[in-house]
Amino acid sequence: MAHNYSLNPRQLFFFEHGGMGESNGFHIKKRSRNDSPPLIDPTKLPIPDQDFIKHRNDADKYTFTGKRDADLLRAALVRAGVDDQQGPGNFLEFGCAQARVLRWFADWTQHGEGWGVDLNSAMIFWCHQNLSPPFHFSVSTTIPKLSFEDHYFSAIFAMSVFTHIDDLYLSWICELRRILRPGGLLYFTLHDEEAAKIEKEGEFAPHQRRVKSAVYNEFLEQDSDFCSVDRDWRSLSSFRREYLVDHLSNYFEVIEFVGRALGLSQSAVVLKRK
């Protein structure tokens, strides 16, 4: 008899391995959770301390860019058929960090579960401590496997995640497809030829490590399909749009590409699971 060993999300526990920084331990503050009412106003949710915000942003920029990117994401999902008021049902941000974008979908948690997962356990513990309710969080790994049931989500989004995955990008897309219901939507941002054009024209401060790389310039000049500058967690990945359409069309319907979807230099693709 076949067994499904995937955990129901309600069974997940939160853990950290190895520790970070000078301290190798952690604790979760004791507080009442069951009596806390869900908060649906994202402006009332806590914001991380200054030294914990990614990319040396300050709190104002963290708030502004999160709202900007979330508005573009929400508009794309609505164009693809999601009800703006009700939301899609259960939804997931893959690579949520400190919920810079996810927090702006607190209203959708009234009609489905909102989840965030990330490799960075410190960020996930901050989210678990400060943003639950209304969201749920779990630590992920570099292995393309998430502890959710098949078809659990109606919408999944990933902001600036597939810009940093090299060898396993297709494995991760397949894993996200597994937990996405038929007809569900997958939205992820990427570097593509439009991003290269924006950087070349100087409209956005380019990532010098990518722009100066010989392999990246070969990708642009030779009309290649995929490029990774550096490896592992430092990788900077770029895709050709035509390649993505050809590669994914057996598993997804490609709804649209969205230009300047994140940080003004990343595009996004909206996919519907077949």
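The values are calculated or read from the model by the stated rules, or taken from the named source; none is laboratory data. Computed from a predicted model, the values in this text were never measured in an experiment. Using ideal geometry, Cβ is built from the backbone for each residue, glycine included, and neighbour counts are taken over all protein chains shown.
Is it true that ILE156 is assigned to a helix (DSSP H, G or I), modelled with pLDDT of 80 or more, closer than 20 Å to PHE91 by Cα and touching a helix residue (DSSP H, G or I) at 6+ places or on another chain (Cβ under 8 Å)? Spell out how you get there, then give the answer.
Details: assigned to a helix (DSSP H, G or I): no; modelled with pLDDT of 80 or more: yes; closer than 20 Å to PHE91 by Cα: yes; touching a helix residue (DSSP H, G or I) at 6+ places or on another chain (Cβ under 8 Å): yes.
In short, no.
Pull out all pairs, ordered by first then second residue, where Cβ-Cβ is under 8 Å, the residues are six or more apart or on different chains, the first lies in the range 93-116 and is over 16 Å from ASN130 (Cβ atoms), and the second is in a strand (DSSP E or B) and acidic (Asp, Glu).
Sorted first by the residue in the range 93-116, then by its partner, the pairs are GLY95/ASP118.
Going through ALA158, ALA122 one at a time, which residue ends up being closer than 20 Å to SER235 by Cβ, in contact with a strand residue (DSSP E or B) (Cβ under 9 Å, 6 or more places away or on another chain) and among the small types (Gly, Ala, Ser)? Write out each step before concluding.
Values: ALA122 fails: closer than 20 Å to SER235 by Cβ.
Result of the check over ALA158, ALA122: ALA158.
Could you list, ordered by first residue, the pairs with Cβ atoms under 8 Å in which the first is in the range 237-261 and without any contact (Cβ under 8 Å) to a residue 24 or more places away in the chain and the second is among the aromatic types (Phe, Trp, Tyr), at least 6 apart or interchain?
Sorted first by the residue in the range 237-261, then by its partner, the pairs are TYR243/PHE226.
Might you let me know whether the range 73-93 holds any residue that is closer than 22 Å to GLY263 by Cα and modelled with pLDDT under 95?
Within the range 73-93 (the criterion being closer than 22 Å to GLY263 by Cα and modelled with pLDDT under 95), the answer is no, since none of the residues qualifies.
Considering (1) at negative phi; (2) outside any helix (DSSP H, G or I), say which one LEU244 fails and leave the rest.
(2)
Please verify whether the range 94-106 includes one or more residues that are modelled with pLDDT under 95, at negative phi and not in a loop (DSSP other than H, G, I, E, B).
Looking for residues that are modelled with pLDDT under 95, at negative phi and not in a loop (DSSP other than H, G, I, E, B), one finds none in the range 94-106, hence no.
Can you confirm whether the range 127-143 contains a residue that is part of a helix (DSSP H, G or I), within 15 Å of the chain's Cα centre (by Cα) and more than 21 Å from LEU236 (Cα to Cα)? Steps first, please.
From the range 127-143, those part of a helix (DSSP H, G or I) are 127-130; that's our starting set.
Adding the requirement that they be within 15 Å of the chain's Cα centre (by Cα) leaves 127.
Among the residues that remain, those that are also more than 21 Å from LEU236 (Cα to Cα) are: 127.
Yes, the range 127-143 contains at least one residue that is part of a helix (DSSP H, G or I), within 15 Å of the chain's Cα centre (by Cα) and more than 21 Å from LEU236 (Cα to Cα).
ILE198 is checked against (1) crowded, with 21+ Cβ neighbours inside 10 Å; (2) in contact with a Phe, Trp or Tyr (Cβ under 6 Å, 6 or more places away or on another chain); (3) in a helix (DSSP H, G or I) and fails just one. What number does that condition carry?
Going through the list (1) crowded, with 21+ Cβ neighbours inside 10 Å; (2) in contact with a Phe, Trp or Tyr (Cβ under 6 Å, 6 or more places away or on another chain); (3) in a helix (DSSP H, G or I), ILE198 breaks only (1).
Output the qualifying pairs, or none if there are none: Cβ atoms under 7 angstrom, residues six or more apart or on different chains, first residue in the range 128-150 and within 22 Å of LEU170 (Cβ to Cβ), second residue part of a loop (DSSP other than H, G, I, E, B) and of a type in the set (Asp, Glu).
none
Which numbered condition trips up ASP150, out of (1) within 16 Å of the chain's Cα centre (by Cα); (2) over 20 Å from LYS44 (Cα atoms); (3) of a type outside the set (S, T, N, Q)?
Evaluating ASP150 over (1) within 16 Å of the chain's Cα centre (by Cα); (2) over 20 Å from LYS44 (Cα atoms); (3) of a type outside the set (S, T, N, Q) leaves (1) as the failure.
Considering only residues that are of a type in the set (Val, Ile, Thr) and surrounded by fewer than 17 Cβ atoms within 10 Å (Cβ to Cβ), look in the range 217-267 and name the one that is farthest from ARG100 (Cα to Cα). It would help to see each step written out before you state the result.
Initial filter on the range 217-267 (of a type in the set (Val, Ile, Thr)): 229, 245, 254-255, 258.
Retained after the next criterion (residues that are surrounded by fewer than 17 Cβ atoms within 10 Å (Cβ to Cβ)): 245, 254.
Details: VAL245: 29, VAL254: 26 Å.
Out of the qualifying residues, it is VAL245.
Determine whether LEU186 is within 13 Å of the chain's Cα centre (by Cα) and modelled with pLDDT of 95 or more. If you could, list the steps in order and put the result at the bottom.
Working: within 13 Å of the chain's Cα centre (by Cα): yes; modelled with pLDDT of 95 or more: yes.
So LEU186 fits the description; yes.
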